[in-house]
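Engineer: Below is one structure. I have some questions about it.
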Amino acid sequence: MNRTAYLPQDIGPNQDGTRLRIQWKDGHESQFAPRALRIACPCAGCVDEMTGKRILQPESVPADIHPLAIEYVGRYALLFRWSDGHSTGIYPFQFLRELCPCPDCQLD
């Protein structure tokens, strides 16, 4: 995958507002369910720093979770302020692109 694959061009809700849409500079579009993104949080409170094991219990994440705010972290990541009060996860662009749930990306 080339470098532009990891650079977002546009970030916002999808047409019906139920998913986060990222249009990447290489033309690909990713759409993420908010709950799936919250469960994938890479922060030390959700993933054990020593083992890499996920410690966040998915059942503890509300079905209706949504981001209250989305902020850029430098030129490499996004930070979500979630409706459950969680806000320590930094989601690097490459991590987000690799999480893309579309069938084409899941084949890679």
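Engineer: Within region 9-56, track down each residue that is small (Gly, Ala, Ser) and more than 11 Å from the chain's Cα centre (by Cα). Break it down into steps so the answer makes sense when it comes.
Structural biologist: The initial filter retains those residues of region 9-56 that are small (Gly, Ala, Ser), namely 12, 17, 27, 30, 33, 36, 40, 44-45, 52.
Matches in region 9-56: GLY12, GLY17, GLY27, ALA44, GLY45, GLY52.
Engineer: Sticking with this one: Quick one: which of TRP24, TRP82 is of a type in the set (Phe, Trp, Tyr) and farther than 26 Å from ARG3 by Cα? So that I can check it myself, show each step before the final result.
Structural biologist: Values: TRP24 fails: farther than 26 Å from ARG3 by Cα.
Unique residue meeting the criteria: TRP82.
Engineer: What do you reckon, is PHE93 in contact with a Phe, Trp or Tyr (Cβ under 7 Å, 6 or more places away or on another chain) and of a type in the set (Phe, Trp, Tyr)? Walk me through how you get there before you give the answer.
Structural biologist: Numbers: in contact with a Phe, Trp or Tyr (Cβ under 7 Å, 6 or more places away or on another chain): yes; of a type in the set (Phe, Trp, Tyr): yes.
For PHE93, the condition - in contact with a Phe, Trp or Tyr (Cβ under 7 Å, 6 or more places away or on another chain) and of a type in the set (Phe, Trp, Tyr) - is met.
Engineer: All but one of (1) in contact with a Leu (Cβ under 7 Å, 6 or more places away or on another chain); (2) without any contact (Cβ under 8 Å) to a residue 60 or more places away in the chain hold for PHE32; state the number of the condition that does not hold.
Structural biologist: The failed condition is (2).
Engineer: Collect the residues in region 2-29 that are in contact (Cβ under 8 Å) with a residue 60 or more places away in the chain and either of a type in the set (Phe, Trp, Tyr) or within 17 Å of ALA77 (Cβ to Cβ) (or both), keeping them in residue-number order.
Structural biologist: Answer for region 2-29, where residues must be in contact (Cβ under 8 Å) with a residue 60 or more places away in the chain and either of a type in the set (Phe, Trp, Tyr) or within 17 Å of ALA77 (Cβ to Cβ) (or both): ALA5, TYR6, LEU7, PRO8, ILE11, ILE22, TRP24.
Engineer: Test PHE80 against the stated conditions and say whether it is surrounded by 17 or more Cβ atoms within 10 Å (Cβ to Cβ) and of a type in the set (Phe, Trp, Tyr). Spell out how you get there, then give the answer.
Structural biologist: On the way: surrounded by 17 or more Cβ atoms within 10 Å (Cβ to Cβ): yes; of a type in the set (Phe, Trp, Tyr): yes.
Yes.
Engineer: Follow-up question, since we're still on this one. So GLY27 fits all but one of (1) at negative phi; (2) surrounded by fewer than 14 Cβ atoms within 10 Å (Cβ to Cβ); what number is the exception?
Structural biologist: The failed condition is (1).
Engineer: Follow-up question, since we're still on this one. Mind checking which pairs have a first residue in region 55-73 that is closer than 14 Å to GLY45 by Cβ and surrounded by 13 or more Cβ atoms within 10 Å (Cβ to Cβ) and a second that is modelled with pLDDT of 95 or more and aliphatic (A, V, I, L, M), Cβ under 6 Å, 6 or more apart or different chains?
Structural biologist: Here the result reads VAL61/ILE39, each pair linking region 55-73 to a residue that is modelled with pLDDT of 95 or more and aliphatic (A, V, I, L, M).
Engineer: So, one more: Answer yes or no as to whether THR18 is assigned to a loop (DSSP other than H, G, I, E, B), within 22 Å of ASP104 (Cβ to Cβ) and not basic (Lys, Arg).
Structural biologist: Numbers: assigned to a loop (DSSP other than H, G, I, E, B): yes; within 22 Å of ASP104 (Cβ to Cβ): yes; not basic (Lys, Arg): yes.
Spelling it out, THR18 is indeed assigned to a loop (DSSP other than H, G, I, E, B), within 22 Å of ASP104 (Cβ to Cβ) and not basic (Lys, Arg).
Engineer: Does any residue of region 77-95 turn out to be out of contact with any Cys (no Cβ under 6 Å at 6 or more places or on another chain), over 21 Å from ILE11 (Cβ atoms) and aliphatic (A, V, I, L, M)?
Structural biologist: No, region 77-95 contains no residue that is out of contact with any Cys (no Cβ under 6 Å at 6 or more places or on another chain), over 21 Å from ILE11 (Cβ atoms) and aliphatic (A, V, I, L, M).
The values are calculated or read from the model by the stated rules, or taken from the named source; none is laboratory data. Given the structure is predicted, the values throughout are model-derived calculations rather than measurements. Every residue, glycine among them, receives a Cβ derived from its backbone with ideal geometry; neighbour counts consider all protein chains shown.
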